[in-house]
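Below: one structure, written as structure tokens.
What follows is calculated from the coordinates using simple rules that are stated; it is not laboratory data. Note that the structure is a prediction, hence the values are computed from the model and not measured. Because the Cβ atoms are built from the backbone with ideal geometry, glycine has one as well, and the counts that use them run over all protein chains shown.
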Amino acid sequence: MPTFRHVTTIDHPRGRVFTWFTRPGALVRLTPSFFGTVLAEPSDGINPGSTAAMGVGAPGGMGMWLGTAAGSVRGLLPASIAGSKWTRPELRWDALHTELVPGVSFTDVMDKGPLASWTHRHSFSDGAEPGTTVMVDEVHYELPALARGEWARRRFEAELVRMFAFRERQLLADLAFHAAHSGPPLVIAVTGASGLVGRQVCALLAGGGHTVLKLVRRAPRNAGEIFWDPDAGVLDSAALAQCTVVIHLAGHPIGGRFTDSVKDAIYQSRVRGTGLLARTLAELTHDGVARTLVSGSAVGYYGAAASGAGGDPRALVETDPAGTDFLASVCREWEASCAPAAEAGVRVVNVRTGLVLSAAGGVLQRLLPLYLAGAGGPVGSGQWQSWVGIEDIAGIFVHAALTPGVAGPLNGVAPEPVTAAEFAHTLGAVLHRPSGLKVPDAGPRLLLGEQGAAELALASQRVSAAKVQGSGYDFRNADLGSALRHILGR
């Protein structure tokens, strides 16, 4: 039976490292979007008998093409259809934890899935230097009968190298993040917890020992959920009173044609939900507990043409005025909806998010099928694109939640914005694909309509990350190349 082995040296004590693996969210943090998705987190941590489920895609570029193409299609389908199994080209992998030696090792096996067998043992020992740990991942596996042979084994182990290199970077960065935010564990409420950013925010918080309560629009199924209905103005304030921080990420998706009904949904979903949270937190201030509201916003606040195109304009900072187009007005009202909380003494942070990069959703997911097919190229003519990797935007939200000195608007972007041409060139280089086939402006207009294309695909915003860096946030991926290599496992 073939064996794969990966060794990681960690500059943290063994107890701290092992504890991180026992907490909720570890599997989400360690599962790269180029590998698959977590369908069900472990039912009982790493204890024997605990089960988890993942959806895994085909290996290599073909698997990424299928996964991202399907994800792009799902984004265009009604929610009732987008959730169907046939829209996800993945195979189910059921994992079962079988052995645990606390502080020393734990083992999981593939209970059902695409391989003939898989046993993964995680071992931990003290490193040569005091306060360090050596972690050994040892995998014994057997490929399916139709995929055996030296060529198939080499291809499979190349994918394991990609996955475990990603896991190592994630683990080291998460442990460093938690060491830098080592305050007491908090109870933190999160809206939009099932979204692209929300899942990573919840997992990152849980890895730091914080208790996460998810706001849901149905009857709560367990003690980790709080009921709210923003449209009806209903929120369980008694349950919310347990929390000292609320991270607000919920909102109608932005990325389709700007019809009147879509624009109304985008606006109402942000203003109503934010206002309800702000008013409720203001009412709770009578108990004397210091609380924080970290609410989403977007760089659309500055307007679609805030930086023009080409040239080297001054980077936009948080004190710059709002734009006048539709998304700018939404962001302005979105942030203004926090006023009741701020006026009552709640610390409020408005994270103005840039283009979030992930193979699991957003603009990068939509671009990848074109690039992988050799048909990629810049969208627009020199527009500035202020991007941020999925790991860093999750980190910025959690950093804002855990750092008392952070308040007011905060740009959630990486320190090195790029032009559309630079973005295309870098993505093509990372994927080893051509990137010179410019997308005609008519393409975005066809998909998004005139207004949607102007305010989304063709927007130009060169935004500064100076404030978030000055607050002590340490970017995992400050430049686009390193961010894409991490996200895509290159």
Legend entry - Stretch gain in nm, segment ALA478-LEU172, where the contour uses 0.36 nm per residue and the Cα spacing is subtracted: 108.5 nm
Inset, instruction - Please sort by residue number the trypsin sites (Lys or Arg not before Pro) in the stretch 202-252 whose DSSP state is loop and whose Cβ has at most 15 other Cβ atoms within 10 Å. - result: ARG217, ARG218, ARG221
Legend entry - For a label point 7 Å along the Cα-to-beta-carbon line of ARG257, residues of the stretch 410-454 with backbone N under 13 Å: 445-453
Legend entry - Set of the stretch 127-167 residues, backbone N closer than 17 Å to the point 7 Å along the Cα-Cβ line of ASP111: none
Inset, instruction - Neighbouring Cβ atoms within 10 Å as the yardstick, rank ASP137, ASP236 fewest first. - result: ASP236, ASP137
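So, with +1 on the Cβ of K and R and -1 on the Cβ of D and E, and no other charges, what is the size of the charge dipole of the chain about its Cα centre, to the nearest 20 debye?
Working: 42 positive and 42 negative charges, 163 e Å.
So the dipole magnitude of the chain works out to roughly 780 debye.
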Inset, instruction - Putting +1 on Lys and Arg Cβ atoms and -1 on Asp and Glu Cβ atoms, find which of GLN365, SER50, ALA265 reaches farthest to the positive end of the dipole of the chain. - result: GLN365
Inset, instruction - Pick out the long, greasy-scoring helices in the chain: whole DSSP H runs spanning 30 Å or more along their own axis by Cα, mean Kyte-Doolittle at least -0.5. - result: 150-180, 260-284
Inset, instruction - List SER194, SER460, SER123 from most exposed to least, where exposure is judged by having the fewest other Cβ atoms within 10 Å. - result: SER194, SER123, SER460
Legend entry - Simple spin-label estimate for GLU422 and PHE4 in nanometres, 7 Å along Cα-Cβ: 3.6
Inset, instruction - Take SER117, SER33 and order them by how many other Cβ atoms sit within 10 Å, fewest up front. - result: SER117, SER33
Legend entry - In nm, spacing of pseudo-spin labels at GLU142 and HIS432 (7 Å Cα→C-beta vector): 3.3
Inset, instruction - Treat each spin label as a single point 7 Å out from the Cα along the C-beta direction, and report the LEU446 to ALA373 distance in nm. - result: 1.1
Inset, instruction - Consider a paramagnetic label point 7 Å from the Cα of THR285 along Cα→Cβ; state which residues of the stretch 320-347 have an amide N under 13 Å from it. - result: 338-347
Inset, instruction - Among LEU456, ALA173, VAL289, flag the residue with its Cα farthest along the positive direction of the charge dipole of the chain, charges on Cβ as +1 for Lys/Arg and -1 for Asp/Glu. - result: LEU456
Legend entry - Extension gain from ARG154 to LYS467, taking 0.36 nm per residue of separation minus the Cα-Cα distance: 108.1 nm
